[in-house]
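Take a look at the following structure, please.
The values are calculated or read from the model by the stated rules, or taken from the named source; none is laboratory data. If you're wondering where the values come from, they're calculated on a predicted model, not measured in any experiment. Cβ: placed from backbone, ideal geometry, glycine included. Neighbour counts: every protein chain shown. Note: areas computed on protein heavy atoms with side chains; ligands, DNA, RNA excluded. Shrake-Rupley method; radii C 1.70, N 1.55, O 1.52, S 1.80 Å.
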Amino acid sequence: MIALLSPMGLTAQNVPTAATPPMGWNSWNHFAEKVTDADVRSAADALVASGMRDAGYVYVNIDDTWEGKRDAQGVIHTNEKFPDMKALADYVHSKGLKLGIYSSPGPKTCAGYEGSYGHEAQDAQTYAEWGIDYLKYDQCSFGDIIRQETGDDLDKAAAMQKAAYEKMHVAIAKTGRPMVYSFCQYGLYSVWAWGPEKGGNLWRTTDDINDHWDRMSLIGFQQAGLEKFAGPGHWNDPDMLEVGNGGMNNTEYELHMSLWAMLSAPLLAGNDLSKMTPETKAILMNRDVIALDQDALGHQGRRVWEEGPKEIWEKDLSRGHKAIAFFNRGESTLDFDPNLKVLADFRGKHLLDLWTKKEVAIDGSTKLRVPKHGVLLLEQR
Ligand code: GLA
């Protein structure tokens with residue numbers, strides 16, 4: 001039964017929301033506070049035209065700066081950049097896509113717009129009426145409220161934060177409209193340990209990514225150790241993709257995409273989809289890498305070996321298969337020794353290089369060569 005359904009964001013009985021890591025696009029990394037209704041429509045059009053929707057990228061997520069003022073009844077309205085959210089949702093839905101929105105448990109969002117503090121139930125209801133399918137809930141000014149009310153008491157602070165995230169979960173549930181619920185509080189208070197019980201489908205594990213090798217690789221490789229907290233319906237979120245934004249080269253973007261897939265991370269493209277190079281499209285739409293991310297088992301990959309700038313990660317896949325990734329974080333081409341103990345399980349197996357599509361043998365004599373800031377990503381077939 002499950003196999004007949006699309007794996008993304010399912011809400012059918014017995015299938016959790018976000019059964020596999022959510023895939024789609026988010027406005028922040030490229031458009032930031034400039035995003036408009038027209039940009040979002042153009043992203044939706046491009047998801048369809050490029051083939052990304054059919055590859056699994058179905059969420060079109062508006063980040064911060066859509067918010068306007070509240071009316072006398074406290075109902076939130078959009079600002080002039082988003083003249084009609086319901087019409088936008090209808091448009092996005094007509095393309096076979098889903099619409100995501102953004103708010104904060106604090107009175108102000110990170111960009112200083114209206115947050116949901118004191119209006120949680122009302123806002124959830126408004127989102128449901130608009131036809132929203134996904135909410136990113138960003139701590140922002142709620143951090144100040146926590147500090148004011150709890151001082152140095154970390155336990156009290158954690159409890160306050162949990163309650164705020166749960167409050168919006170309850171509010172969403174009461175609307176009866178399924179929404180993927182994304183926590184964004186930068187990994188504070190070990191969110192991975194309590195995210196699922198407070199209704200989170202995904203939670204950011206770090207502060208913001210940016211379009212530079214140092215930041216992307218730091219965040220990505222820092223995920224080691226969090227693997228036991230991820231699984232169907234609840235995912236660690238190392239932040240949105242920067243692929244195609246221009247601050248890294250394509251080798252680095254391939255590593256970015258590979259690492260996020262090994263991590264079973266949400267794949268939310270963060271680039272301008274209306275202006276993609278063939279290389280950007282090829283990276284975002286590598287079906288084998290997407291399948292690795294979306295594997296139904298939902299086992300986040302783990303680091304099994306490291307030496308200086310060299311790291312080997314493994315991921316268990318359904319059907320008893322495994323993927324293995326050789327990462328080079330160094331500043332020159334590096335070879336991995338094919339006789340390493342951790343490679344024992346992979347010797348004599350059919351291994352496909354998910355980027356070149358060539359078969360690779362780990363045979364004890366051929367060195368495994370990986371370029372600077374690159375990856376050799378292999379899957380057992
Ligand atoms: C925070 C979040 C970002 C983005 C901005 C918007 O920094 O971590 O992902 O949503 O706020 O203001």
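Would you list C140, C184, C110 from the most to the least accessible area, probe 1.4 Å?
C110, C140, C184
Using a 1.4 Å probe, what is the accessible area per residue for region 302-380, in Å²?
The answer is 49 Å² per residue.
With every protein chain left in place, what is the accessible area per residue of region 4-293 in square angstrom, probe 1.4 Å?
37 Å²
Show that you can apply the helix-only estimate: for the chain, add -39,500 (n - 2.57) for every DSSP H stretch of four or more residues, divide by all residues, and state [θ] at 222 nm to the nearest 500.
-8500 deg cm²/dmol
For region 302-380, what D do you get in µm² per second when you plug the Kirkwood radius from alpha-carbon pairs into Stokes-Einstein at 37 °C and 0.692 mPa s?
Answer from the Stokes-Einstein relation: 260 µm²/s.
Filter the cross-link list K108/K275; K281/K367; K34/K136; K275/K310 down to pairs whose alpha-carbon distance in this structure exceeds 24 Å.
As for pairs spanning more than 24 Å Cα to Cα, those are K108/K275; K281/K367; K275/K310.
Along the positive direction of the dipole of region 302-380 (beta-carbon charges: Lys, Arg +1; Asp, Glu -1; about the Cα centre), which of L334, G348, P371 reaches farthest?
G348
Then there is this: Roughly how big is region 158-298's charge dipole about its Cα centre, with Cβ charges of +1 (Lys, Arg) and -1 (Asp, Glu), in debye to the nearest 20?
It works out to roughly 700 debye.
Where does each of 339-345, 231-237, 294-300, 61-67 land if you order them by average Cβ count within 10 Å, highest first?
The peptides rank, most packed first, as 61-67, 231-237, 294-300, 339-345.
Here's a follow-up. Write out the cysteines belonging to the chain for which the nearest other cysteine Cβ is not under 4.7 Å, or none if no such cysteine exists.
C184
I would also like to ask the following. Mind listing the long-range amide H neighbours of G24? Cut-off is under 5 Å, sequence gap 5 or more, other chains count too, H placed in the peptide plane at 1.01 Å from N.
Placed amide hydrogens put V58, Y59, L267, L268, A269 under 5 Å from G24.
A further question follows. From the convex hull of the Cα coordinates of region 206-269, what is the mean projected area in square nanometres?
Average projection, Cα convex hull of region 206-269: 4.0 nm².
Another question, then. Three principal axis extents, largest first, for the C-alpha atoms of region 154-269, in Å?
Result for region 154-269: principal-axis Cα extents of 44, 34, 23 Å.
As I understand it, the dipole of the chain uses +1 on the Cβ of Lys and Arg and -1 on the Cβ of Asp and Glu, about the Cα centre. Which of I324, Q161, Y57 lies farthest toward its positive end?
I324
I'd like the Karplus ³J(HN,Hα) series for region 82-87: coefficients 6.51, -1.76, 1.60, θ = phi - 60°, whole numbers in Hz, and an x wherever there's a Gly or Pro.
Values, residue by residue: 10, x, 8, 5, 5, 5 Hz.
Give, rounded to the nearest 20 debye, the magnitude of the charge dipole that the chain has about its Cα centre when Lys and Arg contribute +1 at Cβ and Asp and Glu contribute -1 at Cβ.
Roughly 940 debye, rounded to the nearest 20.
Once neighbouring chains are kept in place and the probe is 1.4 Å, which whole percent of the accessible area of region 4-293 is contributed by carbon and sulfur?
51 percent
Based on DSSP, what percent of beta bridges with both residues in the chain are antiparallel, to the nearest 5?
Taking every DSSP beta bridge with both residues in the chain, the antiparallel ones total about 55 percent.
Gain in length, H93 to Q380, computed as 0.36 nm per residue apart minus the alpha-carbon separation, to one decimal in nm?
My answer for the length gained is 99.6 nm.
What is the Cα coordinate range of region 4-293 on the first, second and third principal axes, sorted by size from largest, in whole angstrom?
The principal-axis extents, from largest down, are 49, 43, 39 Å.
In degrees, nearest 10, range 0 to 90: what is the angle between the Cα axis of helix 37-50 and the longest Cα principal axis of the chain?
Roughly 30 degrees, rounded to the nearest 10.
Rounded to a whole number, what % of the accessible area of region 302-380 do carbon and sulfur atoms account for, probe 1.4 Å?
It is 49 percent, rounded to a whole number.
Just to confirm the number: angle between the C-alpha axis of helix 120-130 and the first principal axis of the chain, 0 to 90 degrees, nearest 10?
Once rounded, one gets 80 degrees.
Can I ask one more? F336's amide H: which non-local residues (gap 5+, or another chain) put their own amide H closer than 5 Å, with H modeled 1.01 Å from N in plane and none for Pro or chain starts?
Counting only residues 5 or more places away or on other chains, the set is L368, R369, V370.
Also, quick follow-up: Note the angle between two axes, namely the Cα long axis of helix 154-175 and the longest principal axis of the Cα atoms of the chain, as a number of degrees from 0 to 90, rounded to the nearest 10.
70 degrees
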